[in-house]
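Q: Just passing along the structure, written as structure tokens.
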Amino acid sequence: MEYNNQTSTDFFLSGLFPPSRIGLIFFIVIVLIFLMALFGNLSMIILILVDTHLHTPMYYLLSQLSLMDLNYISTIVPKMAFDYLSGNKTISFIGCGVQSFFFLTLAGGEGLLLASMAYDRYVAICFPLHYPIHMNKRICALMIIGSWIMGSINSCAHTVYALHIPYCRSRTINHFFCDVPAMLTLACMDTWVYEYTVFVSTTLLIVFPFIGIACSYGRVLFSICHMQSTEGRKKAYSTCSTHLTVVTFYYAPFAYTYLRPRSLRSPTEDKALAVFYTILTPMLNPIIYSLRNREVIGALRRLIQKMCSIKM
């Protein structure tokens, strides 16, 4: 079998939408979701930055989640939109590697960050008196830095591997972005070793954090049931249900996609599931955390009042 491993050879992305009226409708919906995600995440970052009432570990973590989501969706959608509008679905070899690197960095980092947010809520609800000790600004900063570093290391390993294997003459990636497992279907070599590393890294960055989140929230729900304050119980339930909603939307499709063996994977199904964790989740996170959080709504009102008073 002939192959070409020259780094100057482009890849071709099959895309997400068919060139039809229905495809155009879906494209417009995705663009609207992208704009909502940009506005929502930027608003959360600015709100947490300017309002001193939100300068707590919980909201520092939330601001990082918004930053990751902002970069996450910006890594995928603009290129996909350009391909659809221009009809040119090529992406350079290096460009594919860059997109893959940022996608994997943000994906792994967000998985670890969500686990850090679960730990924050666990300490706040189960050990409120010890919260300033177990969850101070220093620990919060270490969690944030650790999420970025671990995500980058994992991403670098996968991307370097993908860029150093021989690819066959067919260069069409059956996906709407450079997803490494989709790229490896074009490889001119047996990639079972890499598939095993995908399973291991997904387990470390997705499955283990999810198990940690499930255990922490099990303990949180147990503590909530023994709360005497009705108001405190409602607030705790609201916070936990919000985070669990985000976790479900992110972890479930991601884990289902990457833990399946190649024989059970379908490109169409993979693309549909990828929409959840690359496009929908970055848009839903700021909505879920703002609409169901009284402190965020209060901060937004204060900011609006301050802006109105300045104008007058």
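Each value in this text was obtained by applying a stated rule to the coordinates, not by laboratory testing. These figures come from a predicted structure and were not determined experimentally. Please note: Cβ atoms are built from the backbone with ideal geometry, for glycine as well, and neighbour counts cover all protein chains shown.
Q: From the residues Y194, S309, P267, which one has its Cα farthest along the dipole of the chain in the positive direction, the dipole being from +1 and -1 charges on Cβ of Lys/Arg and Asp/Glu about the Cα centre?
A: S309
Q: Classify segment 1-105: rounded, prolate or oblate, from the alpha-carbon gyration tensor (a ≥ b ≥ c, eigenvalue square roots; a/c under 1.5 rounded; otherwise prolate if a/b is larger than b/c)?
A: It comes out oblate by the Cα gyration axes.
Q: To one decimal place, what Kirkwood hydrodynamic radius in Å is obtained for the chain from all pairs of distinct Cα atoms?
A: 21.0 Å
Q: Are there any helices in the chain, counted as whole DSSP H runs, that stretch 30 Å or more along their axis by Cα and score at least -1.0 on average by Kyte-Doolittle, and if so which?
A: Qualifying helices, which must be both long enough and hydrophobic enough, are 21-50, 57-86, 93-126, 137-163, 230-259.
Q: Next question, about the same structure. Would you please report the Å³ per residue occupied by the convex hull of the alpha carbon atoms in segment 15-171?
A: 137 Å³
Q: Nothing charged except the Cβ atoms of Lys and Arg (+1) and of Asp and Glu (-1): what's the magnitude of the dipole of the chain about its Cα centre? Round to the nearest 20 debye.
A: About 940 debye.
Q: Length gain on complete extension for the stretch H53 to L204, per 0.36 nm per residue less the alpha carbon to alpha carbon distance?
A: 50.9 nm
Q: Determine the dipole magnitude for segment 106-224: charges of +1 sit on the beta-carbon of Lys and Arg, -1 on that of Asp and Glu, nothing else is charged, the reference point is the Cα centre, and the result goes in debye to the nearest 20.
A: Around 280 debye, computed over segment 106-224.
Q: Under 5 Å between amide hydrogens, which residues at least 5 positions from I173 or on another chain qualify, with H placed 1.01 Å from N in the peptide plane?
A: Answer set, sorted by chain and number: F12, L13, S14.
Q: Still on this structure: Treating only the Cβ of Lys, Arg, Asp and Glu as charged (+1, +1, -1, -1), what charge dipole size does segment 41-183 show about its Cα centre? Round to the nearest 20 debye.
A: That gives a dipole near 280 debye.
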